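The values are calculated or read from the model by the stated rules, or taken from the named source; none is laboratory data. None of these values were measured; they are calculated from a predicted model. Cβ coordinates were reconstructed from backbone atoms using ideal geometry, including for glycine residues, and neighbour counts include every protein chain displayed.
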Amino acid sequence: MADGKVEHNSYEVKPHILERFPVASRSIWKDVSDKDWNSWIWQQQNRVKNLEQLGKVINLTDEERKAYEGSVEMFNMSITPYYAALMDPNDPNCPIRLQAVPKLGELYISPTDMEDPLAEERDMPVPGITHRYPDRVLFYTTHNCAMYCRFCTRKRKVSDPGSAAQTKQLDDSLAYIRAHKEIRDVVISGGDPLSNSDDRLDYILGSLRDMPHIEMFRLGTRNMVTLPQRITDDFVNMLRKHHPVFVNTHFNHPKECTREAFDACRRLADAGVVISNQMVLLKGINNDPKTVMELNHKLLMMRVRPYYIYQCDLSQGISHFRTTVDEGLNIIEHLRGWTSGLAVPHYVIDAPGGGGKIPLLPQYLVKKEGKKVTLRNFRKQQFEYNEP
Ligand code: SF4
């Protein structure tokens, strides 16, 4: 797989493309067999979950130790060996490490923090379904993830095994969707829905596909980033039965664009899945235009469309990740016009209190006088457009 040849493919990716996607080093797992390393079950079973294990992978700082002790009761630490191996063992500010290892900022609840900033629980007619918009719902099928991202907006329930969806809840959610004929689009989220077995996902997707009013569904998953081994041939063959299937994933930094991630996206894309990326703007990780442009270029090479840049939510204990809105606008200013339009995602704030996604753009409309509209382009040159 890592040599660019995938059995079910009719084409071979050119070496000059592949060399831009390095294979992850195996760090302390260098003696693990290929069979185990490439098994998502092995990766799940060998996740780094405590300080002793973590201390073997990176040189822990005092701050990281204290942050782990202070946060573990509230939000688990869990890092797949694959993702842990991407961390710089000597740099506490490594963008991979910042996403996976607790920092003291997590213990601070800022006055503007909210437990449920998007009011997802308020608009929950039955447990497991958020129904806010007329024609679509958010459907939670599990609260487990391969890795627990330190900036997670759903920390209030993700990683808490007591709040995971049981079979009855799943069936009640499906019954709600079946009864509401106005729903045409289902966003299956979590936790990470790929934490479910293939059989369980097949049951969920098959049940939805049997409902005549359901036109499409989207799977929201970070597995291509944190556990690309999960995207097996069996998994993509199961998805093929349920098209159209859309996958929204969540790459935040170019370092996450490895050969393993490339192959995972390729398997999905070859199976006809349309993949989009939803990056979150995170201080110290991706809050500069150069990083975002590199990430988006790599994503397009991986057949993933950059879709959203989210302003970081007001969830509790993640204020150390938040940036200003001006930083987000500056990133868009440095993308639009300077690179392919396909590499320019929508920059949005998911409005606190459940107001939905609000797009933000730099100001390109200079003035409007009568029928004369003055615009400026990405080079700040001005142009006039006359309305009819
Ligand atoms: S994968 Fe998504 S739901 Fe899971 S911890 Fe990360 S951000 Fe939260």
(message) Suppose the filter is without any contact (Cβ under 8 Å) to a residue 40 or more places away in the chain and within 24 Å of GLY356 (Cα to Cα); does ARG303 pass it?
(response) no
(message) I'm trying to understand the selection: among the residues of region 29-66, which are farther than 26 Å from ASP234 by Cβ and part of a loop (DSSP other than H, G, I, E, B)?
(response) LYS30, ASP31, LYS49, ASN50, ILE58, ASN59, LEU60, THR61
(message) Suppose we keep only residues that are closer than 24 Å to PHE75 by Cα and without any contact (Cβ under 8 Å) to a residue 60 or more places away in the chain within region 308-327. Which one would you say is farthest from the chain's Cα centre (by Cα)?
(response) THR323
(message) Test of understanding: among ILE79, ILE129, which residue is away from the ligand (no atom under 16 Å from the Cβ), surrounded by 14 or more Cβ atoms within 10 Å (Cβ to Cβ) and either modelled with pLDDT of 95 or more or closer than 30 Å to VAL186 by Cα (or both)?
(response) ILE129
(message) With the requirement that a residue be in a loop (DSSP other than H, G, I, E, B) and among the β-branched types (Val, Ile, Thr), what does region 220-245 give you?
(response) THR221, ILE231, THR232
(request) Being among the basic types (Lys, Arg), surrounded by 22 or more Cβ atoms within 10 Å (Cβ to Cβ) and within 13 Å of the chain's Cα centre (by Cα) is the filter here, so list the residues in region 209-246 that pass it. (result) ARG222
(request) Name the residue, out of PHE262, PHE251, PHE217, that is in contact with a Leu (Cβ under 7 Å, 6 or more places away or on another chain) and not in a loop (DSSP other than H, G, I, E, B). (result) PHE217
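Please work out which residue is nearest to the ligand (Cβ to nearest atom), limiting yourself to region 132-157 and to residues that are β-branched (Val, Ile, Thr) and touching a residue at least 60 places away in the same chain (Cβ under 8 Å). Walk me through it before giving the result.
Step one: filter region 132-157 for residues β-branched (Val, Ile, Thr), giving 137, 141-142, 153.
Subset that is touching a residue at least 60 places away in the same chain (Cβ under 8 Å): 141, 153.
Values: THR141: 12, THR153: 7 Å.
My answer is THR153.
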(message) Being touching a Gly at 6+ places or on another chain (Cβ under 9 Å) and within 20 Å of TYR307 (Cα to Cα) is true for just one of PRO244, PRO254. Which residue is that?
(response) PRO244
(request) Quickly run through region 91-120 and pick out the residues that are over 18 Å from ARG322 (Cβ atoms) and of a type in the set (D, E, K, R). (result) ASP91, ARG97, GLU120
